[in-house]
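Enquirer: Provided herewith is a single structure, encoded as structure tokens, for subsequent inquiry.
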Amino acid sequence: LTRSYKLARPFSFSTVHAPAVSLSQVSAMQSMQASMQASSIMNGTSLIGHSILAPGTTATLATGGAVGAAVNAPAGTSSLNVSIQDSTGATVDTFTVKPADSGMTSFIWKGNTSSGATAPAGTYKVSVTATVDGKATPVDPMVVNKVDSVLVDPTTNAVDVETDTGNTVPLSQIISVM
């Protein structure tokens with residue numbers, strides 16, 4: 001008795017080795033991703049101890065120091081009104097800044113209260129309102145803070161820096177390094 005067998009489909013190299021090739025590609029992509037993350041971490045660690053300008057409202061005033069900040073004023077802004085609040089929410093100083101003709105407008109709070117006294121060292125909130133066509137419009141500020149550490153977000157694997165105010169800033173949101 002002789003039996004003959006018929007293959008359901010022709011045997012080919014790609015049918016047998018395709019899963020191995022796919023695994024190899026996945027492994028290469030994982031390796032590339034790990035390498036890119038390591039590079040981002042190294043970039044982040046080089047910022048430790050440096051000051052950065054990034055979106056945020058909280059800044060640290062050192063004894064006898066000043067706080068740097070900036071905004072992108074909306075088109076048609078005639079003035080920028082800056083308000084500085086202490087950790088209790090009390091307003092310690094307000095001042096007006098002339099907006100730049102285009103782009104970012106930088107400003108410095110010199111660390112004085114409205115009465116001219118030196119404000120104590122600590123954490124302060126920066127709020128900015130733009131006057132556009134006679135109407136007050138809140139504007140999101142960017143503040144200068146010092147980088148204390150580098151973190152990897154466990155959910156996204158994104159590399160972030162932590163500032164001296166305890167704020168976490170993604171590397172992609174850093175506007176400037178001083």
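The values are calculated or read from the model by the stated rules, or taken from the named source; none is laboratory data. Small disclaimer: the values here were computed from a predicted structure and weren't measured. Heads up, the Cβs are rebuilt from the backbone with ideal geometry, glycines too, and the neighbour counts pull from every protein chain shown. The protein model used for the area step is the full one, side chains on, heavy atoms only, and it has no ligands, DNA or RNA in it. Shrake-Rupley method; radii C 1.70, N 1.55, O 1.52, S 1.80 Å.
Enquirer: Answer yes or no as to whether M104 is surrounded by 13 or more Cβ atoms within 10 Å (Cβ to Cβ) and under 13 Å from the mean Cα position of the chain (by Cα). Full working, then the answer.
Expert: Numbers: surrounded by 13 or more Cβ atoms within 10 Å (Cβ to Cβ): yes; under 13 Å from the mean Cα position of the chain (by Cα): no.
The answer is no for M104.
Enquirer: Still on this model: Search segment 135-150 for residues being in contact (Cβ under 8 Å) with a residue 40 or more places away in the chain and open to solvent by 60 Å² or more (accessible area, probe 1.4 Å), and hand back the single one that is nearest to S106 (Cα to Cα).
Expert: First, pick out the residues of segment 135-150 that are in contact (Cβ under 8 Å) with a residue 40 or more places away in the chain: 136-137, 139-150.
From the residues that got through so far, the ones that are open to solvent by 60 Å² or more (accessible area, probe 1.4 Å) too are 136, 140, 146, 148.
Details: A136: 19, D140: 13, K146: 17, D148: 23 Å.
For segment 135-150, the residue satisfying everything is D140.
Enquirer: Condition first: more than 27 Å from T156 (Cβ to Cβ) and open to solvent by less than 20 Å² (accessible area, probe 1.4 Å). Now tell me which residues in segment 40-67 satisfy that.
Expert: Listed by number, the residues that qualify are L61, V67.
Enquirer: Oh, and also: Hey, among the residues in segment 107-119 that are open to solvent by 30 Å² or more (accessible area, probe 1.4 Å) and in contact (Cβ under 8 Å) with a residue 24 or more places away in the chain, which one's farthest from E162 (Cα to Cα)?
Expert: Here the answer is T118.
Enquirer: Here is a list: T15, T88. Which entry is outside any helix (DSSP H, G or I) and either modelled with pLDDT under 70 or open to solvent by 60 Å² or more (accessible area, probe 1.4 Å) (or both)?
Expert: Selected residue: T88, the only one of T15, T88 that is outside any helix (DSSP H, G or I) and either modelled with pLDDT under 70 or open to solvent by 60 Å² or more (accessible area, probe 1.4 Å) (or both).
Enquirer: Which is surrounded by 10 or more Cβ atoms within 10 Å (Cβ to Cβ) and at pLDDT below 95, of L7, L1, L23, L80?
Expert: Only one candidate passes the filter, namely L23.
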